[in-house]
1. Show that you can apply the helix-only estimate: for the chain, add -39,500 (n - 2.57) for every DSSP H stretch of four or more residues, divide by all residues, and state [θ] at 222 nm to the nearest 500.
2. Would you work out which of L182, S252, A22 lies farthest towards the positive end of the dipole of the chain? Charges go on Cβ: Lys and Arg +1, Asp and Glu -1.
3. Of H274, A194, I294, which is farthest along the charge dipole of the stretch 163-312 in the positive direction, counting Lys and Arg as +1 and Asp and Glu as -1 at C-beta?
4. Where the convex hull is taken over the Cα atoms of the stretch 132-247, what is its projected area averaged over directions, in nm²?
5. Please work through the chain and write down the cysteines that have no neighbouring cysteine Cβ at a distance under 4.7 Å.
6. Looking at the chain from every direction and averaging, what is the projected area of its Cα convex hull in nm²?
7. Please compute the alpha carbon radius of gyration of the stretch 27-143, then divide it by the globular-protein estimate 2.2 N^0.38 Å. Two decimals is fine.
8. What is the stretch 325-468's relative contact order, in percent, from Cα pairs under 8 angstrom and six or more apart in sequence?
Amino acid sequence: MTTKLPRWWPFAALAVIVALAASRLWLLPLHYSSDHNEGWNAFQALRAMGQGPLYPPSDALTGNNYPPLSFLIVGALGRLLGDEIIAGRLIALAAVMGVAALIVVTLRRLGSGREAAWGGALVFLLLNATLLRKYLAVDDPQWLGHLLMTVALPLLLPAHPGEEPARGRVILAALLMLAGGLVKQNLVAWPIAATAWLALHHRRALILWLATAVIGGGAALLACWWAYGPDLFRDMMGAARDYSLGRMAYRSLPAVAAMLPLMWWAWPLVKLRHDDRRIDLILIAIGVAVPLGIIQRSGAGVDINAHFEAFIALSMGAALALSPNVQRGRAATATMAACLAILVIVGVIAEAREMSQLPRRRAASDAMIGHIAATPGPVACEIQALCYWAGKSFELDYFLYGQRVQQAGASPALDRIIRQRRWAGAMIAPNGADNAAERARGRVVSRITQEMRPLFVDSDGRRLMVPR
(Lines give C-alpha, C1' and ligand atoms only; values in the text may rest on other atoms or scores of the structure.)
Protein backbone atom coordinates (compact mmCIF):
# COMPACT_ATOMS: atom_id res chain seq x y z
CA MET A 1 0.00 0.00 0.00
CA THR A 2 1.40 3.43 -0.92
CA THR A 3 0.27 6.92 0.05
CA LYS A 4 0.79 9.91 -2.23
CA LEU A 5 2.50 12.71 -0.34
CA PRO A 6 2.23 16.40 -1.27
CA ARG A 7 5.13 17.82 -3.26
CA TRP A 8 6.15 20.15 -0.46
CA TRP A 9 6.70 17.42 2.16
CA PRO A 10 10.54 17.29 1.84
CA PHE A 11 10.78 21.04 2.46
CA ALA A 12 8.45 20.82 5.47
CA ALA A 13 10.50 17.94 6.87
CA LEU A 14 13.72 19.86 6.30
CA ALA A 15 12.27 22.90 8.09
CA VAL A 16 11.45 20.73 11.12
CA ILE A 17 15.01 19.34 11.13
CA VAL A 18 16.54 22.83 10.93
CA ALA A 19 14.34 23.94 13.86
CA LEU A 20 15.49 20.94 15.88
CA ALA A 21 19.11 21.83 15.15
CA ALA A 22 18.76 25.57 15.80
CA SER A 23 20.87 25.68 18.96
CA ARG A 24 23.66 23.71 17.28
CA LEU A 25 23.69 26.04 14.29
CA TRP A 26 23.53 29.09 16.57
CA LEU A 27 26.83 28.06 18.14
CA LEU A 28 28.73 28.12 14.82
CA PRO A 29 30.35 31.60 15.20
CA LEU A 30 30.36 31.75 19.02
CA HIS A 31 33.33 31.42 21.36
CA TYR A 32 31.48 28.78 23.35
CA SER A 33 32.08 25.05 23.07
CA SER A 34 29.72 22.28 24.09
CA ASP A 35 32.24 19.57 23.23
CA HIS A 36 35.53 18.82 24.99
CA ASN A 37 37.20 17.78 21.73
CA GLU A 38 36.81 21.05 19.83
CA GLY A 39 39.78 22.77 21.41
CA TRP A 40 41.88 19.60 21.13
CA ASN A 41 41.19 19.45 17.39
CA ALA A 42 41.89 23.18 17.02
CA PHE A 43 45.30 22.86 18.68
CA GLN A 44 46.13 19.91 16.42
CA ALA A 45 45.18 22.04 13.40
CA LEU A 46 47.50 24.78 14.63
CA ARG A 47 50.31 22.25 15.01
CA ALA A 48 49.63 20.94 11.50
CA MET A 49 50.33 24.49 10.30
CA GLY A 50 53.71 24.50 12.05
CA GLN A 51 52.93 25.67 15.59
CA GLY A 52 54.45 22.72 17.40
CA PRO A 53 54.83 18.99 16.69
CA LEU A 54 51.66 17.36 15.36
CA TYR A 55 52.88 14.02 16.76
CA PRO A 56 54.91 14.67 19.93
CA PRO A 57 57.29 12.08 21.41
CA SER A 58 55.88 9.31 23.59
CA ASP A 59 56.94 10.94 26.88
CA ALA A 60 55.15 14.23 26.11
CA LEU A 61 52.13 15.47 28.08
CA THR A 62 50.14 15.89 24.87
CA GLY A 63 49.39 13.43 22.09
CA ASN A 64 47.57 12.82 18.83
CA ASN A 65 45.96 9.49 17.93
CA TYR A 66 44.40 10.67 14.61
CA PRO A 67 45.88 10.82 11.08
CA PRO A 68 46.93 14.23 9.77
CA LEU A 69 44.62 15.01 6.83
CA SER A 70 41.75 16.69 8.68
CA PHE A 71 44.14 18.88 10.69
CA LEU A 72 45.82 20.06 7.51
CA ILE A 73 42.45 20.95 5.96
CA VAL A 74 41.05 22.66 9.07
CA GLY A 75 44.36 24.42 9.69
CA ALA A 76 44.39 25.84 6.17
CA LEU A 77 40.83 27.17 6.47
CA GLY A 78 41.55 28.37 10.01
CA ARG A 79 44.33 30.56 8.69
CA LEU A 80 41.85 32.25 6.38
CA LEU A 81 39.14 32.67 9.02
CA GLY A 82 41.40 33.35 12.00
CA ASP A 83 39.75 30.65 14.15
CA GLU A 84 40.40 26.94 13.81
CA ILE A 85 37.37 25.94 15.88
CA ILE A 86 34.95 27.88 13.68
CA ALA A 87 36.73 26.52 10.59
CA GLY A 88 36.32 22.97 11.89
CA ARG A 89 32.64 23.57 12.65
CA LEU A 90 31.96 24.85 9.14
CA ILE A 91 33.76 21.88 7.59
CA ALA A 92 31.87 19.42 9.81
CA LEU A 93 28.49 20.98 8.96
CA ALA A 94 29.31 21.03 5.24
CA ALA A 95 30.37 17.38 5.51
CA VAL A 96 27.04 16.35 7.09
CA MET A 97 25.14 18.15 4.33
CA GLY A 98 27.45 16.56 1.78
CA VAL A 99 26.80 13.06 3.13
CA ALA A 100 23.04 13.74 2.97
CA ALA A 101 23.36 14.84 -0.67
CA LEU A 102 25.44 11.77 -1.48
CA ILE A 103 22.81 9.52 0.09
CA VAL A 104 20.39 10.96 -2.47
CA VAL A 105 22.90 10.48 -5.32
CA THR A 106 23.69 6.90 -4.26
CA LEU A 107 20.04 5.95 -3.88
CA ARG A 108 19.15 7.42 -7.26
CA ARG A 109 21.98 5.44 -8.83
CA LEU A 110 20.53 2.31 -7.24
CA GLY A 111 17.19 3.04 -8.88
CA SER A 112 15.27 4.64 -6.00
CA GLY A 113 12.61 7.19 -6.86
CA ARG A 114 13.12 10.83 -6.02
CA GLU A 115 10.85 10.76 -2.96
CA ALA A 116 12.52 7.64 -1.55
CA ALA A 117 15.97 9.18 -2.06
CA TRP A 118 14.85 12.36 -0.32
CA GLY A 119 13.44 10.20 2.46
CA GLY A 120 16.78 8.51 3.06
CA ALA A 121 18.60 11.84 3.28
CA LEU A 122 15.96 13.34 5.57
CA VAL A 123 16.05 10.36 7.96
CA PHE A 124 19.83 10.78 8.09
CA LEU A 125 19.51 14.52 8.82
CA LEU A 126 16.81 13.87 11.43
CA LEU A 127 19.17 11.47 13.21
CA ASN A 128 21.83 14.20 13.18
CA ALA A 129 19.46 16.74 14.69
CA THR A 130 18.33 14.36 17.44
CA LEU A 131 20.24 11.26 18.54
CA LEU A 132 23.56 12.29 16.95
CA ARG A 133 23.28 16.04 17.61
CA LYS A 134 26.35 16.12 19.85
CA TYR A 135 28.50 16.03 16.69
CA LEU A 136 26.42 18.38 14.54
CA ALA A 137 28.43 21.46 13.49
CA VAL A 138 31.21 20.54 15.95
CA ASP A 139 34.93 20.85 15.21
CA ASP A 140 35.62 17.14 14.87
CA PRO A 141 37.10 15.18 11.92
CA GLN A 142 34.49 12.40 11.98
CA TRP A 143 32.05 13.72 9.38
CA LEU A 144 34.81 14.83 7.01
CA GLY A 145 36.08 11.26 6.93
CA HIS A 146 32.58 9.94 6.26
CA LEU A 147 32.10 12.48 3.46
CA LEU A 148 35.21 11.31 1.61
CA MET A 149 34.16 7.68 1.89
CA THR A 150 30.55 8.35 0.92
CA VAL A 151 31.69 10.11 -2.27
CA ALA A 152 33.17 6.74 -3.28
CA LEU A 153 29.84 4.91 -3.19
CA PRO A 154 28.11 6.28 -6.33
CA LEU A 155 31.45 6.07 -8.13
CA LEU A 156 31.87 2.40 -7.30
CA LEU A 157 28.31 1.32 -8.05
CA PRO A 158 27.48 0.59 -11.72
CA ALA A 159 24.60 2.54 -13.23
CA HIS A 160 22.59 -0.63 -13.97
CA PRO A 161 22.28 -4.12 -12.45
CA GLY A 162 24.63 -6.66 -14.03
CA GLU A 163 27.16 -4.07 -15.23
CA GLU A 164 30.81 -4.03 -14.19
CA PRO A 165 32.18 -1.01 -12.29
CA ALA A 166 34.24 1.24 -14.58
CA ARG A 167 37.99 0.95 -13.99
CA GLY A 168 38.65 4.64 -13.51
CA ARG A 169 35.79 4.92 -11.05
CA VAL A 170 37.10 1.93 -9.07
CA ILE A 171 40.51 3.57 -8.76
CA LEU A 172 39.03 6.91 -7.71
CA ALA A 173 36.69 5.25 -5.21
CA ALA A 174 39.60 3.36 -3.62
CA LEU A 175 41.62 6.56 -3.30
CA LEU A 176 38.68 8.37 -1.69
CA MET A 177 38.30 5.55 0.84
CA LEU A 178 42.01 5.89 1.62
CA ALA A 179 41.60 9.64 2.04
CA GLY A 180 38.80 9.00 4.53
CA GLY A 181 41.14 6.71 6.44
CA LEU A 182 43.73 9.49 6.52
CA VAL A 183 41.13 11.59 8.33
CA LYS A 184 40.20 8.92 10.85
CA GLN A 185 41.73 5.47 10.88
CA ASN A 186 38.85 3.54 12.45
CA LEU A 187 36.42 4.26 9.59
CA VAL A 188 36.64 0.77 8.15
CA ALA A 189 33.05 -0.47 7.69
CA TRP A 190 32.57 0.92 4.17
CA PRO A 191 36.03 -0.20 2.92
CA ILE A 192 35.37 -3.70 4.28
CA ALA A 193 31.89 -3.75 2.75
CA ALA A 194 33.14 -2.54 -0.63
CA THR A 195 35.93 -5.12 -0.68
CA ALA A 196 33.54 -7.93 0.23
CA TRP A 197 30.98 -6.78 -2.38
CA LEU A 198 33.62 -6.69 -5.12
CA ALA A 199 34.86 -10.13 -4.05
CA LEU A 200 31.33 -11.51 -4.36
CA HIS A 201 30.28 -9.96 -7.66
CA HIS A 202 33.16 -8.21 -9.46
CA ARG A 203 36.42 -10.17 -9.13
CA ARG A 204 38.26 -8.27 -11.89
CA ALA A 205 37.40 -4.93 -10.31
CA LEU A 206 38.51 -6.36 -6.95
CA ILE A 207 42.06 -6.84 -8.24
CA LEU A 208 42.20 -3.21 -9.37
CA TRP A 209 40.63 -2.08 -6.08
CA LEU A 210 43.18 -3.98 -3.97
CA ALA A 211 46.10 -2.87 -6.13
CA THR A 212 45.05 0.76 -5.78
CA ALA A 213 44.64 0.32 -2.03
CA VAL A 214 48.09 -1.25 -1.65
CA ILE A 215 49.88 1.28 -3.85
CA GLY A 216 47.95 4.29 -2.55
CA GLY A 217 48.15 3.13 1.04
CA GLY A 218 51.87 2.48 0.76
CA ALA A 219 52.45 5.92 -0.75
CA ALA A 220 50.40 7.51 2.04
CA LEU A 221 52.40 5.69 4.72
CA LEU A 222 55.70 6.77 3.15
CA ALA A 223 54.48 10.36 2.92
CA CYS A 224 53.44 10.31 6.58
CA TRP A 225 56.79 8.83 7.61
CA TRP A 226 58.64 11.46 5.60
CA ALA A 227 56.55 14.32 7.05
CA TYR A 228 56.21 13.22 10.68
CA GLY A 229 58.62 10.36 11.30
CA PRO A 230 58.02 7.38 13.59
CA ASP A 231 56.20 9.48 16.20
CA LEU A 232 53.05 9.46 14.01
CA PHE A 233 52.86 5.67 14.05
CA ARG A 234 53.84 5.45 17.71
CA ASP A 235 51.16 7.96 18.75
CA MET A 236 48.41 6.39 16.65
CA MET A 237 49.15 2.74 17.32
CA GLY A 238 50.39 3.04 20.88
CA ALA A 239 47.67 5.26 22.36
CA ALA A 240 46.63 3.74 25.69
CA ARG A 241 42.91 3.08 26.19
CA ASP A 242 40.82 1.11 28.66
CA TYR A 243 38.18 -1.34 27.33
CA SER A 244 35.09 -2.75 29.04
CA LEU A 245 32.25 -5.07 27.94
CA GLY A 246 29.92 -3.36 30.38
CA ARG A 247 30.66 0.01 28.82
CA MET A 248 30.05 -1.46 25.38
CA ALA A 249 26.60 -2.69 26.42
CA TYR A 250 25.19 0.39 28.11
CA ARG A 251 26.85 2.99 25.89
CA SER A 252 25.60 1.46 22.66
CA LEU A 253 22.04 0.85 23.89
CA PRO A 254 20.43 4.16 22.68
CA ALA A 255 22.01 3.81 19.24
CA VAL A 256 20.95 0.19 18.89
CA ALA A 257 17.40 1.11 19.93
CA ALA A 258 17.30 3.62 17.07
CA MET A 259 18.80 1.13 14.61
CA LEU A 260 16.30 -1.66 15.20
CA PRO A 261 13.31 0.02 13.47
CA LEU A 262 15.52 0.96 10.52
CA MET A 263 16.84 -2.61 10.23
CA TRP A 264 13.28 -3.95 10.39
CA TRP A 265 12.17 -1.52 7.67
CA ALA A 266 15.18 -2.42 5.49
CA TRP A 267 14.64 -6.19 5.86
CA PRO A 268 12.85 -6.58 2.45
CA LEU A 269 16.18 -5.78 0.78
CA VAL A 270 17.18 -9.38 1.51
CA LYS A 271 14.66 -10.43 -1.17
CA LEU A 272 15.20 -7.48 -3.50
CA ARG A 273 18.93 -8.24 -3.73
CA HIS A 274 18.22 -11.26 -5.95
CA ASP A 275 17.16 -8.88 -8.74
CA ASP A 276 19.90 -6.28 -8.12
CA ARG A 277 23.25 -7.40 -6.69
CA ARG A 278 24.24 -3.76 -6.16
CA ILE A 279 22.00 -3.77 -3.10
CA ASP A 280 24.44 -6.22 -1.48
CA LEU A 281 26.86 -3.33 -0.92
CA ILE A 282 24.35 -1.63 1.38
CA LEU A 283 23.40 -4.88 3.12
CA ILE A 284 27.03 -5.83 3.75
CA ALA A 285 27.74 -2.33 5.06
CA ILE A 286 24.87 -2.67 7.54
CA GLY A 287 26.08 -6.13 8.57
CA VAL A 288 29.61 -4.82 9.18
CA ALA A 289 28.93 -1.35 10.60
CA VAL A 290 26.31 -2.25 13.21
CA PRO A 291 28.39 -4.78 15.22
CA LEU A 292 31.61 -2.85 14.61
CA GLY A 293 30.17 0.30 16.16
CA ILE A 294 28.94 -1.66 19.17
CA ILE A 295 32.39 -3.20 19.68
CA GLN A 296 34.11 0.18 19.41
CA ARG A 297 31.92 1.52 22.22
CA SER A 298 33.86 -0.71 24.62
CA GLY A 299 36.74 1.78 24.53
CA ALA A 300 37.01 4.56 27.10
CA GLY A 301 36.18 7.92 25.54
CA VAL A 302 34.52 6.38 22.45
CA ASP A 303 31.28 8.23 21.77
CA ILE A 304 28.16 7.75 19.65
CA ASN A 305 30.19 8.66 16.54
CA ALA A 306 31.25 4.99 16.50
CA HIS A 307 27.79 4.27 15.04
CA PHE A 308 27.81 6.86 12.24
CA GLU A 309 28.74 4.37 9.51
CA ALA A 310 25.82 2.18 10.55
CA PHE A 311 23.36 5.06 10.45
CA ILE A 312 24.54 6.11 6.98
CA ALA A 313 24.04 2.56 5.70
CA LEU A 314 20.69 2.15 7.47
CA SER A 315 19.40 5.46 6.09
CA MET A 316 20.17 4.17 2.61
CA GLY A 317 18.75 0.72 3.32
CA ALA A 318 15.49 2.05 4.74
CA ALA A 319 15.02 4.30 1.70
CA LEU A 320 15.80 1.48 -0.74
CA ALA A 321 13.11 -0.60 0.95
CA LEU A 322 10.53 1.99 -0.15
CA SER A 323 10.59 0.21 -3.50
CA PRO A 324 7.19 -0.21 -5.24
CA ASN A 325 7.94 -3.96 -5.10
CA VAL A 326 7.64 -3.92 -1.32
CA GLN A 327 4.07 -4.04 -0.05
CA ARG A 328 3.46 -2.75 3.48
CA GLY A 329 0.25 -2.46 5.43
CA ARG A 330 -1.01 0.50 7.41
CA ALA A 331 0.33 -0.98 10.66
CA ALA A 332 3.93 -1.16 9.39
CA THR A 333 3.80 2.38 8.04
CA ALA A 334 2.26 3.68 11.26
CA THR A 335 4.94 1.91 13.33
CA MET A 336 7.77 3.55 11.40
CA ALA A 337 6.03 6.92 11.56
CA ALA A 338 5.75 6.52 15.35
CA CYS A 339 9.50 5.74 15.59
CA LEU A 340 10.34 8.88 13.62
CA ALA A 341 7.94 10.89 15.81
CA ILE A 342 9.80 9.64 18.89
CA LEU A 343 13.04 10.93 17.36
CA VAL A 344 11.39 14.33 16.83
CA ILE A 345 10.23 14.39 20.46
CA VAL A 346 13.77 13.53 21.61
CA GLY A 347 15.06 16.39 19.47
CA VAL A 348 12.50 18.86 20.83
CA ILE A 349 13.45 18.01 24.42
CA ALA A 350 17.19 18.27 23.69
CA GLU A 351 16.75 21.51 21.78
CA ALA A 352 14.65 23.12 24.52
CA ARG A 353 17.15 22.08 27.19
CA GLU A 354 20.16 23.37 25.27
CA MET A 355 18.47 26.65 24.36
CA SER A 356 17.46 27.29 27.98
CA GLN A 357 20.95 26.55 29.29
CA LEU A 358 22.90 28.38 26.60
CA PRO A 359 22.89 31.93 28.10
CA ARG A 360 24.13 30.74 31.50
CA ARG A 361 26.71 28.36 30.08
CA ARG A 362 27.98 30.92 27.60
CA ALA A 363 28.39 33.47 30.41
CA ALA A 364 30.26 30.90 32.50
CA SER A 365 32.51 30.08 29.55
CA ASP A 366 33.25 33.76 28.87
CA ALA A 367 34.12 34.29 32.53
CA MET A 368 36.50 31.34 32.57
CA ILE A 369 38.14 32.43 29.29
CA GLY A 370 38.67 35.89 30.80
CA HIS A 371 40.30 34.50 33.95
CA ILE A 372 42.54 32.14 31.95
CA ALA A 373 43.61 34.97 29.64
CA ALA A 374 44.44 37.13 32.65
CA THR A 375 46.66 34.44 34.16
CA PRO A 376 50.28 35.27 33.29
CA GLY A 377 51.97 32.20 31.86
CA PRO A 378 50.99 28.74 30.59
CA VAL A 379 47.68 27.19 31.71
CA ALA A 380 46.86 23.49 31.31
CA CYS A 381 43.20 23.36 30.31
CA GLU A 382 41.15 20.20 30.44
CA ILE A 383 38.60 21.87 28.14
CA GLN A 384 41.09 22.94 25.50
CA ALA A 385 38.75 25.38 23.73
CA LEU A 386 38.89 27.68 26.74
CA CYS A 387 42.69 27.90 26.56
CA TYR A 388 42.53 28.25 22.77
CA TRP A 389 40.25 31.30 22.93
CA ALA A 390 42.24 32.68 25.88
CA GLY A 391 45.37 32.69 23.71
CA LYS A 392 47.13 29.93 25.64
CA SER A 393 48.96 26.88 24.28
CA PHE A 394 48.28 23.14 24.42
CA GLU A 395 49.95 21.99 27.65
CA LEU A 396 48.32 18.72 28.76
CA ASP A 397 46.06 16.10 27.22
CA TYR A 398 44.15 14.99 30.30
CA PHE A 399 42.59 11.98 28.56
CA LEU A 400 45.48 10.50 26.56
CA TYR A 401 48.08 11.23 29.22
CA GLY A 402 45.69 9.98 31.91
CA GLN A 403 45.28 6.68 30.07
CA ARG A 404 49.08 6.33 29.90
CA VAL A 405 49.42 7.13 33.59
CA GLN A 406 46.77 4.55 34.47
CA GLN A 407 48.62 1.83 32.57
CA ALA A 408 52.11 2.84 33.72
CA GLY A 409 51.11 3.64 37.30
CA ALA A 410 53.31 6.75 37.39
CA SER A 411 53.40 10.28 35.98
CA PRO A 412 57.05 11.39 35.96
CA ALA A 413 56.65 14.05 33.25
CA LEU A 414 53.68 15.64 35.00
CA ASP A 415 55.40 15.45 38.39
CA ARG A 416 58.42 17.24 36.96
CA ILE A 417 56.33 20.04 35.42
CA ILE A 418 54.40 20.63 38.63
CA ARG A 419 57.48 20.43 40.83
CA GLN A 420 59.25 23.03 38.68
CA ARG A 421 56.13 25.28 38.72
CA ARG A 422 56.23 25.66 34.93
CA TRP A 423 52.46 26.18 34.75
CA ALA A 424 50.81 29.34 35.98
CA GLY A 425 47.54 27.48 36.31
CA ALA A 426 45.36 24.53 35.36
CA MET A 427 41.69 24.45 34.38
CA ILE A 428 39.85 21.34 35.61
CA ALA A 429 36.40 20.21 34.46
CA PRO A 430 33.78 18.53 36.67
CA ASN A 431 33.79 14.75 36.89
CA GLY A 432 32.73 12.80 33.80
CA ALA A 433 30.29 9.92 33.36
CA ASP A 434 32.72 7.25 32.12
CA ASN A 435 34.07 5.57 35.26
CA ALA A 436 37.17 4.07 33.63
CA ALA A 437 38.07 7.31 31.87
CA GLU A 438 37.34 9.15 35.12
CA ARG A 439 39.76 6.92 37.04
CA ALA A 440 42.52 7.61 34.52
CA ARG A 441 41.81 11.33 34.46
CA GLY A 442 41.51 11.36 38.25
CA ARG A 443 45.16 10.40 38.67
CA VAL A 444 46.17 13.49 36.72
CA VAL A 445 43.66 15.79 38.43
CA SER A 446 44.61 14.60 41.93
CA ARG A 447 48.27 15.30 41.24
CA ILE A 448 47.41 18.84 40.12
CA THR A 449 45.12 19.56 43.08
CA GLN A 450 47.84 18.46 45.51
CA GLU A 451 50.01 21.37 44.39
CA MET A 452 47.41 23.95 43.29
CA ARG A 453 44.48 25.79 44.86
CA PRO A 454 41.28 27.07 43.24
CA LEU A 455 41.40 30.68 42.08
CA PHE A 456 38.04 30.77 40.28
CA VAL A 457 35.09 28.37 39.96
CA ASP A 458 32.46 29.06 37.30
CA SER A 459 28.76 28.22 37.49
CA ASP A 460 29.36 24.92 35.65
CA GLY A 461 31.77 23.75 38.33
CA ARG A 462 34.95 24.21 36.28
CA ARG A 463 37.94 25.26 38.39
CA LEU A 464 40.90 27.45 37.52
CA MET A 465 43.73 26.28 39.75
CA VAL A 466 46.93 28.21 40.54
CA PRO A 467 50.08 27.18 42.47
CA ARG A 468 49.76 27.25 46.24
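1. One gets -21500 deg cm²/dmol as the mean residue ellipticity at 222 nm.
2. Looking along the dipole axis, the top candidate is S252.
3. H274
4. 9.9 nm²
5. Here C224, C339 come out as lacking a disulfide-compatible partner, given the Cβ-Cβ threshold of under 4.7 Å.
6. For the chain, the mean projected area of the Cα convex hull comes to 22.3 nm².
7. That works out to 1.25 for the stretch 27-143.
8. 23 percent
The values are calculated or read from the model by the stated rules, or taken from the named source; none is laboratory data. The shown structure was predicted, so the numbers you read here are calculated from the model rather than taken from an experiment. Cβ atoms come from the backbone with ideal geometry, glycine included; neighbour counts cover every protein chain shown. Surface accessibility is based on the protein's heavy atoms, side chains included, excluding ligands, DNA and RNA. Shrake-Rupley method; radii C 1.70, N 1.55, O 1.52, S 1.80 Å.
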